Amino acid sequence: MNRIIHFIVFLGLFLAPIQEVWGQDLKEYYEQGVQKEKISDFKGALEAWEKGLALSENIENKVAMDIFLQNIGRIYLILDDYPKALSYLEKALEIHTAKGDKQAEGWLLNSIGLAYNGLKIFSKALSFLEQALEISKTAGDRKIESHSLVSIGNVYENLGNFPKALSYQNQALEISREIGDKEGEGAALGNMGNLYSTLGDNPKAISYRKQSLSIARERGDRIGEADTLRDIGDYYLPEFRRLLYTRISGFCDLRLSGYPLASWSR
């Protein structure tokens, strides 16, 4: 499983201070969505932000429109509804392209690339992610750069180009450590663990996953912690099954010929 940094900052979340010009209704819709998301009530968050988006469109408040579009698109990415995510994120991108806001444009290009990666349209994913990477380098924004590198590495992993995937994840890891970005560091470590597992280098896979787990716990990232524990468990589970099978066959007066070890994975 690719680590996409819930990996929320990767997805272009700009929690800008709510401006007074928003008005009370817009602020309430925004805050309702934030509170709903905190308890993983994504449906409730979407409902609140959709109301806020409709109101901001009616009064032509582009600042509010942008933030609602990004947040709605981000939630659909979390829910793996990539077509809907694209429809909102591309509208937000239009706003930022018109404004010339390169930093926000970089985040949005990265998010759109993630959506195309989820849809398995890898050529488009790489196109958007490479644009995000170029913008980040030009702007000197190391955080966007590292996150774009992680995302590009994920695409190459999905394409089966593991050496290239490792190269991008390693570049992202170096930058994340340089700038103290724990979220990016944890994601790169988790992805490298998965890549080494695929390549059959289990000691390296476990080493990177344990480092990723430590960071997830340090950050209080329960989703990242659960994902990493599952990945580590997947490595140890076959050995646990083998040991359990051996113990049962040794201590129980039962014939297990009808229950081969391979069937225990079901």
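Observations
- Each 10 Å bin from zero up to the one holding the largest Cα-Cα distance in segment 152-220 carries the following percent of pairs: 24, 53, 22, 1.
- FRET efficiency estimate (nearest 0.05) - Cβ-Cβ, Ile121 to Lys62, R0 30 angstrom: 0.55
- Segment 108-142: trypsin sites (Lys or Arg not before Pro) in DSSP loop, at most 12 other beta carbons within 10 Å: Lys120
- Partners for Lys27 among lysines (Cα-Cα distance below 27 Å; same-chain residues under 8 apart left out): Lys36, Lys38, Lys43, Lys51, Lys62, Lys84, Lys91, Lys99, Lys102
Bear in mind these aren't lab numbers, they're just calculated from the coordinates by the rules spelled out. Not measured: the values here are computed from a predicted model. Note that we place each Cβ from the backbone using ideal geometry, even for glycine, and neighbour counts take in every protein chain shown.
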